[in-house]
Every structure is written in C-alpha cells, then in structure tokens.
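The structure appears right after this line, and notes come after that.
The values are calculated or read from the model by the stated rules, or taken from the named source; none is laboratory data. This one's a predicted model, so the numbers in the text were calculated from it and none came from an experiment. Methodologically, a virtual Cβ is constructed for each residue, glycine included, from the backbone with ideal geometry; neighbour enumeration extends over all protein chains shown.
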Amino acid sequence: MRKKTISFLSVAIVTLVLSAQMSFGWIATGHIVVAMVAWEDLTPKTKTAVLELLKHHPRYQKDLLQDLPDGSTAEETDRFAFAKAATWPDMVRAQDNPMHTLFNHPSWHYIDIPFVNGAPATPEPGADQPGPHNIVEALQKCSVEMKDPALPADQRAIDICWVEHLVGDIHQPLHAVSMYSPEHPQGDKGGNDEEVLRDPPYPNSRSNLHLVWDSLPGEFHSQMMDRFEAIGLRADPEFSRDQLKSLLEVKDFMAWANESHALAVEDGYLNGHLETAVVQKGSRSSNGSGIPGLPPDYLEKAERVAMHQVALAGYRLADLLNAAFDPKQ
C-alpha cells in the first residue's frame, strides 16, 4: 500500500467529510487531492482570476462553500472553494434541483477507447448526437470557454469546475477504456460491469472494478487530510514535478486519454488476464460466491499507478490554468 504518502494522512485531524462518494471518476478525495496539488503551483494572478470567477458561480454559497468550517480565514475559504469546485460535476449528478439537472453531463466524464479482448468491438450508437460526446471533447470546449472574456462570468465559473474535474477524470485509467470480450460484446463500461472481491476471503468486499480504481486515492477524507496527501505526493521523488517533467510537456487531451488507456489495459485488466465476474443487474448474489478475488499485490501496484496519475493530473491542471489566466508567467 502507499508507504510514503500515508504517513501524512495519519497526522491529520478529520474536520470535514466530503460527500460524492459514488462511482464517478476519482471519488471526491481523488479530485480534491488533484486540485490541491494544482493549488500549490498556481501563480498569484491565476489564483485571483480563478477565484474571482468562481464567486460568480450560481451556487457558490450553496455548493462550493457547502460545509465550510466556521472561522475559516479568507485564504482557507479560497482554497476550500477551489477544491470543492473540482467535485461539483459529480455533485450535479444528484439532480436534486433544476440547476443540477441542467448541468449534469454523464457522457463528459469518460471516453470509451476500446480494449478488444477476444471479441470485436460493437460500440453503442450515440456519436450522431450533439457534442461534446466524451471527456476529450468536453475538456476542449470548457478549457476554451473558461478564458473567454466575452462569455458571462457565471458560465466561465461552471467551465472552471468542469476543467478541474475532467483533468482528474481523464487521468483515471478506467475512464479511458471499455473492454470488449465475449462476455461484454458492447463493452464493460470502464469496468462498471466487472465484479471482483477486493479482499478475496470476504464476500462483503465485492466491488465493481471501476469503483476499485475510483477509490484508490483514498476514501472519506477531510480537506485537511487531502491537503496533507497532496503535500506528501509533491514531496515524494517518484511523483515530483521534476520526475514527471517529460509527461508535463504533453499538452494534448487525447494523448492524456491514450496514456490512461494504456495503464488501464496493463494495470487494470492485466492485459486481459484479470479474472472477474459479470455484474448481474437486478440479481446480485448476497454471499459473493463465484466472484474472483483480486490477485496478490494487485492493489499495491494499482495504488502507485493511481497516485502517479493524481499527481500528474494536479501538475497538468495547474499548467492549464496558468496558461489560461497568466500566460506571460
């Protein structure tokens, strides 16, 4: 398991448990760690521009400052809003008010690059619908709009939320893949239709493969803990900006998706050799019988891959925002 970053978590006090613990991209913890890695590299000019726009978000008080601890300083409030913005595109999935319903875009969170494992790929129709159709197209759209001064500030604030979130999602390997096999002739939806036991002896450890990867950066953290984890990642030589320098020169969003796809094939599906059970809709057994367990050391290696991707996403997010709002840095 994570040996270098976990020590930073053990000294933190839980002050705020964030919601959105659902099977969407990195769960809230992962998105907030990405945002906090990025926060450390934002220039003062970028921070000022981004935070000023976020204050125009139609639900700035209700959503982006939701659960803000009493007595927070101005700096803590700014950091809180920036981190919470990274989770907002998952918050709107609840569709508990018209604003959330309007800005819920499920297809923006992923791209189904096929991994063909013994069966031809037969993607479901839908590409003829108005775009964006996938995470790459959504990032292209929102990253242009967020820096366009001709657009309304509230729209640009929503675009910033999406950019923060999607940069995280595109680095989650199982958001860039759908495996096609005899069991999944129309794809497994990024592992959502594959079931495993995280801890093989225990049936109650059953999970779909996608959620296993969503949860790798950690679960049920507070912002304080997530900031410690971000600091820990940046201090780890394996995940430092210098170590990832060559990858940070890659700016193309499709290239980012292809990187994640390659990791999904190799480390997520073990090149097609990972044993799983097909998720049975509406008839899930209660005892977990017949569901394969993850191989030894699978989670340990997967966690290192996930933390690499979270750090890389944070640096790339900072670079993207700095290029948009402080291009002469």
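Here are the numbers for this structure:
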quantity	calculated
Any hit, the stretch 244-258, residues being free of Cβ contacts under 8 Å to residues at least 60 places away in the same chain, farther than 26 Å from Asn117 by Cα and either surrounded by 17 or more Cβ atoms within 10 Å (Cβ to Cβ) or hydroxyl-bearing (Ser, Thr, Tyr) (or both)	yes
Qualifying residues in the stretch 94-139 (those that are of a type in the set (S, T, N, Q) and surrounded by 17 or more Cβ atoms within 10 Å (Cβ to Cβ)) - the one modelled with the lowest pLDDT	Asn117
Single condition Lys147 does not satisfy, out of (1) touching a helix residue (DSSP H, G or I) at 6+ places or on another chain (Cβ under 6 Å); (2) in a helix (DSSP H, G or I)	(2)
All positions within the stretch 73-96 that are polar (S, T, N, Q) and farther than 21 Å from Ala49 by Cα	Gln95
Condition check for Val305: of a type in the set (Val, Ile, Thr), within 23 Å of Glu195 (Cα to Cα) and out of contact with any Cys (no Cβ under 7 Å at 6 or more places or on another chain)	yes
